[in-house]
Amino acid sequence: MENPNTEEQGVKLEKFNYDNTIVRKFAFATTLWGVVGMTVGLLIAFQLIFPALNFGLEYTTFGRIRPLHTNAVIFAFVGNGIFAGVYYSLQRLCKARIFSDLLSNINFWGWQLIIVSAALTLPLGLTTSKEYAELEWPIDIAIALIWVVFGINLIGTILKRRERHIYVAIWFYLATFVTVAVLHIVNSFELPVSLFKSYSWYAGVQDALVQWWYGHNAVAFFLTTPYLGLMYYFIPKAANRPIYSYRLSIIHFWALIFIYIWAGPHHLLYTSLPDWAQSLGVVFSIMLIAPSWGGMLNGLLTLRGAWDRVRESPVLKFMVVAVTAYGMATLEGPLLSLKSVNAITHYTDWIIAHVHVGGLGWNGFLTFGMLYWLIPRIYGTKLHSIKLANFHFWIGTLGIIFYVFPMYWGGLTQSLMWKEFKPEGILLYRNFLDTVLQLIPLYALRAIGGLLYLVGVISMVYNLLLTAKSGVFIKEEEAFAPSLKNEKFIPHKGEYWHRWIERRPVQLTILALVAILIGGIVEMVPTFLVKSNIPTITSVKPYTPLELQGRDIYIREGCNACHSQMIRPFRSETERYGEYSKAGEFVYDHPFLWGSKRTGPDLHRVGEKYPDSWHYRHMLDPTLTSPGSIMPPYPWLFEDDLDKSTTAAKIRAMQTLGVPYEKGYDKVANKDLEKQASQIVESLKKDEITVMADKEIVALIAYLQRLGTDIKVDQYSQK
């Protein structure tokens, strides 16, 4: 290390320290929550083969812990990985210590408390039901506050940097900060009913658009852009080579953040979303291929001439597969947005495979490569075992293969079986359960793949612990660099034009914000303000108090994780389920429940299809009505009393959201609830079933019997 009192080309060097403590904390949290999140994922994978693996508990059913798995791997595993990588690389790219040690620690402990609160509330059924945004309103507020803390630390560090130009990785960090903030705030507009219950401010089609604008771009700006920043830093570092193309990185960054934000509607093709919004989503999804592959090629071509090192280095092996998985996922995603392809793959296990190529391959492997590179350096030692790291690489790769290929096969199997007709024009597999039973062996292979992947992660934890034990932690890492204080950023002759914006982090952040706002505004404003986008249907009425309570139970149990409520305008679907779904049918749905996967049949027209006794027996023991079903029983619904004390508050909340209940209806709502409950009890008595009117199962039956009954199949009036 150079002496700070010496001068380099006439410039005095300043001495400062990098903070490795915060990096170590986030790295430790990444490995811990990675094991936890993946273990929960393995449990729910095996539950699809052996439903009894919920152990008869209401807190461990697939519907309740599936969002626990997704939140744990996205926000706990990947989220902590982002913070670890950003806090390490940012200091070195800026040649400055993190802006505030206090804010760093608030960021760390606040994020861990959010994760713990998610782990406690989701199994309890405290959920908004919105994909990747299931956490209730107090936790949403905490997320926003901690994210702002991270942003202050990020921008504060950049402003006090000792490096004139801002490297491409930091561009992606800044875009991540502003976009995730916008996405989270807009999607989390909800009206609290109690401490852990709220209703989405949006309804039906509008809620679906906002949710998948958020959901798709949570993938884009939480699982992609920060990891691209990490890719731009750690691949050149691990390969000891500069990034392949500076100009390609500029195109990659600006094109990606502008285009990505438009693509959300491709999750809602053939639904009740207006056609123009669906078409916009498709067009911009196809355009995404260019910048995404530009970034992938920039990462891979950085390794040109260094393939011998790739063979020897487990770090580079992980990173090469990660970037390749990124390229595969970002080609497959746009192709899946083509309507002809989407008609085959949507609601099937193909989408599960697609998501896990990105999650296990891109996010997982890049995180592992980063940790294998980073931990030895902050402990001033060598990796404990190269052989064990290589074992992790190969068993992890094998795990991905065992996971995704059965799900690709399963997706095609589902789609072909759902759509197959006999020569006489009748569905060949009219019973949805036939398709489920066909997939059980594929679910078993998927679970084996998950187990292999988890074994690799556990081997990494062991390897890194022994690495840390063999070294000495470098808490404060000394560094020297010339100050930029009072230096004016004057353009130099022949300098590339983009250097101007790289020197101005505030302007760069504002331009990135403008780039991502355009798409969201263009898609959402017409959907909210132009009434013709969501034609109303006069026969559609608000839910009765009992149905509203039943709907909340349905949400609590996570039923929408396996059952959609959106019949698409395909002959195979209208033959199986009934009339296709209309936009006006969902105007009182806060939140929407269209679902994103069919492990079970669509339920939008299930109302009045079966007697009350069928639903009673189905929830008590699904195999009584559907032999071979992999759905777990729900005995607590028959034991627990319905909490009628919340009815009035829920009605008032719905009135605030514009649902047309009569003035003062909250005061008499429970009388109507009790009357409808008594009718269901009497109906069950006819089939020799005795149940108390105040049990939760009665409310759930009321809701299920209401679904899809507001319009007649042959005709419906619109205005």
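The values are calculated or read from the model by the stated rules, or taken from the named source; none is laboratory data. All values reported here derive from a predicted model rather than from experimental measurement. FYI the Cβ positions are ideal-geometry reconstructions off the backbone, even for glycines, and counts take in every protein chain you see.
The residues listed here are TYR244, TYR232; of these, the one that is of a type in the set (Ser, Thr, Tyr) and crowded, with 24+ Cβ neighbours inside 10 Å is TYR232. Just one of the numbered conditions (1) within 20 Å of SER245 (Cβ to Cβ); (2) of a type outside the set (Lys, Arg); (3) surrounded by fewer than 22 Cβ atoms within 10 Å (Cβ to Cβ) is not true of MET319: (3).
Among the candidates ARG92, ARG97, the residue that is part of a helix (DSSP H, G or I), surrounded by fewer than 24 Cβ atoms within 10 Å (Cβ to Cβ) and either modelled with pLDDT of 95 or more or assigned by TED's automatic domain parsing to the domain that holds VAL116 (or both) is uniquely ARG92.
Listed here are the helices (runs of 4 or more DSSP H) enclosed by region 256-355 that have at least 1 residues being among the hydroxyl-bearing types (Ser, Thr, Tyr): 275-287, 289-301, 314-336, 339-345. Look at GLU134 and say whether it is outside any helix (DSSP H, G or I), under 19 Å from TYR233 (Cα atoms) and out of contact with any His (no Cβ under 9 Å at 6 or more places or on another chain). Answer is no for this residue.
For region 599-631, a residue qualifies if it is under 21 Å from GLU575 (Cα atoms) and of a type outside the set (Val, Ile, Thr), and the qualifying residues are GLY600, PRO601, ASP602, LEU603, HIS604, ARG605, GLY607, GLU608, LYS609, TYR610, PRO611, SER626. GLN655 falls short on exactly one of the conditions (1) under 23 Å from THR538 (Cα atoms); (2) not in a helix (DSSP H, G or I), and that condition is (2).
Each row is one residue, and each column tells you yes or no for (1) among the acidic types (Asp, Glu); (2) over 28 Å from LEU195 (Cβ atoms); (3) in contact with a Gly (Cβ under 8 Å, 6 or more places away or on another chain).
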{"site": "ASP643", "(1), (2), (3)": "yes, no, no"}
{"site": "GLN655", "(1), (2), (3)": "no, no, no"}
{"site": "LYS663", "(1), (2), (3)": "no, no, no"}
{"site": "ASP672", "(1), (2), (3)": "yes, no, no"}
{"site": "LYS675", "(1), (2), (3)": "no, yes, no"}
{"site": "SER678", "(1), (2), (3)": "no, yes, no"}
{"site": "GLU688", "(1), (2), (3)": "yes, yes, no"}
{"site": "LYS695", "(1), (2), (3)": "no, no, no"}
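Does LEU452 count as out of contact with any Asp or Glu (no Cβ under 8 Å at 6 or more places or on another chain) and touching a residue at least 60 places away in the same chain (Cβ under 8 Å)? No: the conditions fail for LEU452. From the set of residues in region 222-255 that are small (Gly, Ala, Ser) and assigned to a helix (DSSP H, G or I), which is farthest from the chain's Cα centre (by Cα)? Among those that are small (Gly, Ala, Ser) and assigned to a helix (DSSP H, G or I), it is ALA239.
Name the single residue, out of those in region 16-34 being more than 18 Å from the chain's Cα centre (by Cα) and β-branched (Val, Ile, Thr), that is nearest to ALA84 (Cα to Cα). Residue satisfying both the conditions and the ranking: VAL23. Among the residues of region 406-425, those that are touching a residue at least 12 places away in the same chain (Cβ under 8 Å) and either among the hydrophobic types (A, V, I, L, M, F, W, C) or closer than 30 Å to PHE77 by Cα (or both) comprise PRO406, MET407, TYR408, TRP409, GLY410, GLY411, LEU412, MET417, TRP418, PHE421. Of the numbered criteria (1) part of a helix (DSSP H, G or I); (2) buried (at least 24 other Cβ atoms within 10 Å of the Cβ); (3) not small (Gly, Ala, Ser), the one VAL219 fails is (2). Do you know which residues across region 160-177 are out of contact with any Asp or Glu (no Cβ under 6 Å at 6 or more places or on another chain), of a type outside the set (Phe, Trp, Tyr) and under 17 Å from ILE501 (Cα atoms)? LYS160, ARG161, ARG162, GLU163, ARG164, VAL168, ALA169, ILE170, LEU174, ALA175 - these are the residues of region 160-177 that are out of contact with any Asp or Glu (no Cβ under 6 Å at 6 or more places or on another chain), of a type outside the set (Phe, Trp, Tyr) and under 17 Å from ILE501 (Cα atoms). With the requirement that a residue be over 21 Å from ILE344 (Cβ atoms) and buried (at least 17 other Cβ atoms within 10 Å of the Cβ), what does region 261-283 give you? Within region 261-283, ILE261, TRP262, PRO274, ALA277, LEU280 qualify. Restricting region 602-621 to residues that are in contact with a Phe, Trp or Tyr (Cβ under 9 Å, 6 or more places away or on another chain) and buried (at least 20 other Cβ atoms within 10 Å of the Cβ), the residue that is farthest from GLU674 (Cα to Cα) is ASP602. Remark: pairs (first residue in region 56-74, farther than 19 Å from ALA133 by Cβ; second residue among the acidic types (Asp, Glu); Cβ separation under 9 Å; 6+ apart in sequence or on different chains) = GLU58/GLU557; GLU58/ASP640; THR61/GLU557. For SER104, the test of being free of Cβ contacts under 8 Å to residues at least 60 places away in the same chain and either of a type in the set (Ser, Thr, Tyr) or not assigned by TED's automatic domain parsing to the domain that holds ASN153 (or both) is failed.
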